[in-house]
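Trainee: First, the structure itself, so that you have it in front of you.
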Amino acid sequence: MFEERKMPRVTDFTLLIIGALFMINPMIAFVDVIPDFFGCALIVYALHRLSSVSPELEEAEKYFKYMIFASAGRVLILFANPGFDDVMLLTMAMVFGVIDVGIMLAGMPAFYEGLAYLNVRYGGKAQEMPEFKIVGIAFIGARGFLSMLPYIESLMIEEQTDESISAAVDELATGSYTLLLMLVNVVVTLIFAAFWIVMLWTYLRAFIKDREFCERVYAAYEEKNHKEPEFFLRRTLLFAVKILMWSAPFLFDLLGDGKNVIPDVIFAVGAVWAAWILRKRFEDMKPVMISGAVYGVLSVVNFFVYNGFMQKRFFARFDMVLIRFASEYYVAIAFSVIETVALIVFAYYLRRVFMPMVETHSVQIVPREFVRSARNNEIYVQNSHKLLNAYTALLVTVAVSGTGLTALLLPFPEYHLIHTAFNIAFFVVSLVLTSRMEKGILARYERASDV
């Protein structure tokens, strides 16, 4: 049933470089053009794998997880509140700048020191480069501070009447000055980013080119896999459960003027990623990944169709929509139905991901002679099955309710509250189910270090 996974020799170091590339873009008007959480997710994944043979990297993995939440929070707040004034934008830019720098003040040293330990532990030939952690902190700090410049400048401008000619001239000059500050933000941030990425590239490329070092890391992985196979099984299961846990909130439909600001595709990506991680551990994961990928693509299409329709017609009277824009309304419903069907199919196959965790890997092994413990296991599995049934049923309900939201939001705006209630119920059940599985996995594959 199980096929042991082999760790690629250089893939993880390459993922670290690619992940860092996602983080080098400047903040423009509080907009993270290439969201950091994609890069941080790649870095976390690579660090999670490397930490299996070098535990010193676990600390860095934790800090980059925090960066994922910080980046996701910035994106969600921006789209959920598009009407921020300059004062609020400056405040939010300052808050997230401080958060990013605070995390990286501890994260960058942990990142470098973890890699340095890995290098020394397995006899790597890479030269020490401690300055890259200092430049990394400076880059994050510069990016956070410089993104505030346009807002600081706009707040310092005194109000002037539109009637005077000098006011018009000042307004033109102000616009040019704001553009100049934005250009300074982009150029200076990219300079810091270039220094950091070159240092990181140079350091990690030395790891990749050192074939003997990569062989020793790979051999250490294989040796541990042979001696402690359950160590890797436990890590894989827990990592997949964590992804499933934190994917559920992205199924929420957070509306602003009728438009949804949280793409459902993030839920699909998380669930498919979890299935991909488990593909070597469980049989027949392809239907889950295929159905999830199809749902993800359709959810992206429906996201733009729905938001495009609501952007134009949300404030129109419903009877007028039916008279003049009926075709647009029915097209939006049709795309929503297609996405709903895809999500229902995905929910059916997603159940397969949870089933072996519920029935096998969350249950402690006890001898048959221990009748009471065996009975407790049966009760545990029965209760977990009920939770899994509730999870699947609520996911299907949310899918159907999504079509209802498209069809009923204009004539019945209060329906959003009903849909939100279904979303909250799904998230709560998802959190209970995944937390229950996490505790069960930890209990079944308990290690001495847990005590």
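Trainee: Taking interchain pairs and intrachain pairs at least six residues apart, which have beta carbon atoms under 6 angstrom, with the first residue in the range 384-410 and closer than 13 Å to residue 430 by Cα and the second surrounded by fewer than 17 Cβ atoms within 10 Å (Cβ to Cβ) and charged (D, E, K, R)?
Mentor: 392/351
Trainee: A further question follows. Filter the range 206-215 down to the residues that are in a helix (DSSP H, G or I) and open to solvent by less than 90 Å² (accessible area, probe 1.4 Å), then identify the one that is farthest from residue 51 (Cα to Cα).
Mentor: This residue is 206.
Trainee: Considering each of 434, 420 in turn, give the residue that is modelled with pLDDT of 90 or more and closer than 22 Å to residue 306 by Cβ.
Mentor: Of 434, 420, the one residue that is modelled with pLDDT of 90 or more and closer than 22 Å to residue 306 by Cβ is 420.
Trainee: Do the conditions hold for residue 362, that is, is it modelled with pLDDT of 85 or more and either open to solvent by less than 60 Å² (accessible area, probe 1.4 Å) or under 24 Å from residue 236 (Cα atoms) (or both)?
Mentor: Judged against the criteria, residue 362 is not a match.
Trainee: Yes or no: residue 34 modelled with pLDDT under 85, in a helix (DSSP H, G or I), under 30 Å from residue 258 (Cα atoms) and open to solvent by 40 Å² or more (accessible area, probe 1.4 Å)?
Mentor: No.
Trainee: Moving to a separate point now. For the range 339-359, check the following and say yes or no: at least one residue is free of Cβ contacts under 8 Å to residues at least 40 places away in the same chain and more than 27 Å from residue 273 (Cβ to Cβ).
Mentor: No: the range 339-359 contains no residue that is free of Cβ contacts under 8 Å to residues at least 40 places away in the same chain and more than 27 Å from residue 273 (Cβ to Cβ).
Trainee: Output the residue which, of all residues in the range 114-150 that are without any contact (Cβ under 8 Å) to a residue 40 or more places away in the chain and in a helix (DSSP H, G or I), is farthest from residue 220 (Cα to Cα).
Mentor: Checked the range 114-150; the qualifying residue farthest from residue 220 (Cα to Cα) is 149.
Trainee: So, residue 289, is that one in contact (Cβ under 8 Å) with a residue 60 or more places away in the chain and surrounded by 15 or more Cβ atoms within 10 Å (Cβ to Cβ) or not?
Mentor: In short, no.
Trainee: Sticking with this structure for a sec: So is residue 6 open to solvent by 50 Å² or more (accessible area, probe 1.4 Å), modelled with pLDDT of 85 or more and among the basic types (Lys, Arg) or not?
Mentor: no
Trainee: For the range 425-437, name all the residues that are open to solvent by 40 Å² or more (accessible area, probe 1.4 Å) and touching a residue at least 24 places away in the same chain (Cβ under 8 Å).
Mentor: Result: 427, 431, 432, 436.
Trainee: State which residue pairs qualify: first residue closer than 12 Å to residue 406 by Cβ and inside the range 309-322, second residue part of a helix (DSSP H, G or I) in any location, beta carbons under 7 Å apart, and separation of 6 or more residues or different chains.
Mentor: From residues that are closer than 12 Å to residue 406 by Cβ, the pairs are 309/328; 309/332; 313/321; 313/328.
Trainee: Residues of the range 226-253 being more than 17 Å from the chain's Cα centre (by Cα) and open to solvent by 20 Å² or more (accessible area, probe 1.4 Å), which ones?
Mentor: If the condition is that a residue be more than 17 Å from the chain's Cα centre (by Cα) and open to solvent by 20 Å² or more (accessible area, probe 1.4 Å), then 226, 227, 228, 229, 230, 231, 234, 235 are the ones that fit.
The values are calculated or read from the model by the stated rules, or taken from the named source; none is laboratory data. Here the structure is a predicted model, which means the values were calculated and not measured. Cβ sites come from the backbone with ideal geometry, for glycine too, and all protein chains shown count toward neighbours. Only protein heavy atoms, including side chains, enter the accessible area calculation; ligands, DNA and RNA are left aside. Shrake-Rupley method; radii C 1.70, N 1.55, O 1.52, S 1.80 Å.
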